[in-house]
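Each value in this text was obtained by applying a stated rule to the coordinates, not by laboratory testing. Fair warning: this is a prediction, and the values are worked out from it, not measured in the lab. Virtual Cβ from ideal backbone geometry, glycine too; neighbours counted across all protein chains shown.
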């Protein structure tokens, strides 16, 4: 996980939270949030980025890991919001000149003008994610649909880890109460339905989980709380 910043979120982004929920999980009207992206280094020597954040902490994070911009082979995009694609360009050109940019067909079709400009600086490949189970998109990385946040929002699986993009924004609310939404969702009902189904799938298959707005360290273990919600345990505390 490469951090693009840890911060506090506000109730203005939360939809459907009751006063009782707010009192329980955010009594001071704020909750922890983050912006993350993820680097995968494969056994075949490939370097894969999942999203590029705002492009603020990403470049320093890669340098600290000894990864040059030229050595990124593939960039997998969960969706085309600016806090996931801001690092694609530097000075108007591809920040990762040798990388292939990959995303779902539907997400590419939904791109706005800014996203199309960034996409135009890369070799672009699109794919159809799996619907009920992941399908291979590159090397040992597989993908599954998680539509609703955006038209083609996609989650990625690497071995026993899933990177769920923006399936969840407000961990404090959406872990115990996964039917709570956020204002950023393009299709709120579909986003909730996707989240509920995928959370059940991830717990049933015992995946570790990571996300772009999961506070540091960004990856952890997911368990049912027996009440229709979930408990997230960060990997550093296991």
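Annotations
- Debye intensity ratio in log₁₀ form over the Cα atoms of the range 2-237, taken at each q of 0.09, 0.10, 0.11, 0.14 Å⁻¹: -0.35, -0.43, -0.52, -0.87
- Between 0 and 90°, nearest 10: helix 188-204 axis offset from the chain longest Cα axis: 90
- Equivalent ellipsoid semi-axes - Cα gyration tensor, the range 152-238, angstrom: 19, 14, 13
- D_trans [Stokes-Einstein, Kirkwood Rh over alpha-carbon pairs] for the range 1-91, 4 °C, 1.567 mPa s, µm² s⁻¹: 87
- Protection proxy ranking, highest mean first, for peptides 27-35, 74-82: 74-82, 27-35, where packing is the per-residue count of other beta-carbon atoms within 10 Å, averaged.
- Projected label distance in nm at residue 123 and residue 235, using a 7 Å step from Cα toward the beta-carbon: 3.0
- Relative contact order (%) - the range 2-237, alpha-carbon pairs under 8 angstrom, separation at least six: 18
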